[in-house]
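To start, the structure under review is shown below, and the notes come after it.
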There are 2 protein chains.
Amino acid sequence: MLSPMKDYFTPGEIAERFDLTLDTLRYYEKAGLLRRVDRAPSGHRRYRADDVELLHLVRCLRDTDMPISRLREFAELVREGDHTIPERVEVLQSHQHRLNAHIERMRERQEAIGHKIDYYLGVLSERPEPARRPEGSMDTPVKETG
Amino acid sequence: MLSPMKDYFTPGEIAERFDLTLDTLRYYEKAGLLRRVDRAPSGHRRYRADDVELLHLVRCLRDTDMPISRLREFAELVREGDHTIPERVEVLQSHQHRLNAHIERMRERQEAIGHKIDYYLGVLSERPEPARRPEGSMDTPVKETG
DNA sequence: ACTTGACCTGGAGCGCGCTCCAGGTCCCAT
DNA sequence: ATGGGACCTGGAGCGCGCTCCAGGTCAAGT
């Protein structure tokens, strides 16, 4: 029979796939972000498809700065079974709202920085290259009209 | 003569204005994000308008995760005088690009989380409230059709 | 004279999220 | 049998950005 899909992944494969180190992977497991992962007879970890799936979400939530502690809580809900789905939704929604607010703040800051840049560019265009090269000065190869 | 504008601010005022602690303010100074601030005869710090101005930018850049070390470099450029404005512009622009990329990634993650939420909601609507309230159960006041 | 409150100093400590390490096991290829 | 590579463990260490602390000074109020 043709394997329905590779159903076990090695730590190395997972690490590469999610761009995490083996250490981080083990750390996540210890921290309760993943269940106690299966083992090969050798003792090496074997990740299943649903570990991969959860890791996907974990990665996503970590990337958006959900703290480990909160992620662990979420992972516990997942382990408790489908009846916790409403709670999970609440967690995700609340995270999403925080994230929205965060993105909006970033956008505002970004704009403010843009204004500062514009201000500087204004200063430069008013007195373009003032007192530049005090003589045969340094060898600093300044770009023309940067 | 009418004071042109309050030209000194106490640590407390600054801390409140920027929502920073006195400790953080001092830390920033030690770290070179601010010049060595003026003192009252008592030894207490007295912040000038241009400290405030710089702090404004510092706050903005810290809020967008510019590391302290980079901020110190920027602050040094500011101290070196107007001839460093082109360099400052480069620093800000490069930060802005990183920030744009960051925002974009956040947006993507946000969307992914949204999809997960939708998936969960889908599951819920297929089997709506299975085995909910095993009888006269807990008093959890679950919102109807959340 | 005494208290209160704002601030000072240098230095230690903390929380987070990893990251590194020593020493070991297992398995496969030469 | 030997070597190499992937992985294991428990625990220590790290980098960042603060945060806290003890012990002190100063200025104003009562």
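We did not get these values from a lab; they are worked out from the coordinates using the rules stated. Because the structure is predicted, anything quoted here is derived from the model rather than measured. Cβ placement follows ideal geometry from the backbone for every residue including glycine, while neighbour counts extend to all protein chains displayed.
Tabulated data for the structure shown
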item	result
Given (1) of a type in the set (Val, Ile, Thr); (2) touching a strand residue (DSSP E or B) at 6+ places or on another chain (Cβ under 9 Å); (3) closer than 15 Å to A:Tyr120 by Cβ, index of the condition B:Val37 fails	(3)
Residue match in the stretch B:23-39 (condition: within 14 Å of chain A (Cβ to nearest Cβ), over 25 Å from A:Glu104 (Cβ atoms), within 16 Å of DNA strand D (Cβ to nearest atom) and of a type in the set (Gly, Ala, Ser))	no
Restricting the stretch A:41-65 to residues that are touching a residue at least 24 places away in the same chain (Cβ under 8 Å) and either part of a strand (DSSP E or B) or over 25 Å from B:Tyr119 (Cβ atoms) (or both), the residue that is nearest to the chain's Cα centre (by Cα)	A:Tyr47
Members of the stretch A:12-25 found to be free of Cβ contacts under 8 Å to residues at least 12 places away in the same chain and either near DNA strand C (Cβ under 10 Å from one of its atoms) or over 14 Å from A:Arg46 (Cα atoms) (or both), listed by number	A:Glu16, A:Asp19, A:Thr21, A:Leu22, A:Asp23, A:Thr24
Qualifying residue in the stretch A:28-36 (condition: more than 23 Å from the chain's Cα centre (by Cα) and either outside any loop (DSSP other than H, G, I, E, B) or loosely packed, with under 11 Cβ neighbours inside 10 Å (or both))	yes
Cβ-Cβ under 9 Å pairs, at least 6 apart or on other chains, the stretch A:66-77 side within 16 Å of DNA strand D (Cβ to nearest atom), far side in a helix (DSSP H, G or I)	A:Ile68/A:Tyr27; A:Ile68/A:Tyr28; A:Ile68/A:Arg62
Yes/no for A:Ile68 being more than 14 Å from chain B (Cβ to nearest Cβ), within 23 Å of the chain's Cα centre (by Cα), within 16 Å of DNA strand C (Cβ to nearest atom) and buried (at least 18 other Cβ atoms within 10 Å of the Cβ)	no
Residues of the stretch A:101-120 classified as more than 30 Å from B:Glu87 (Cα to Cα) and at the interface with chain B (Cβ under 7 Å from one of its Cβ atoms), total	0
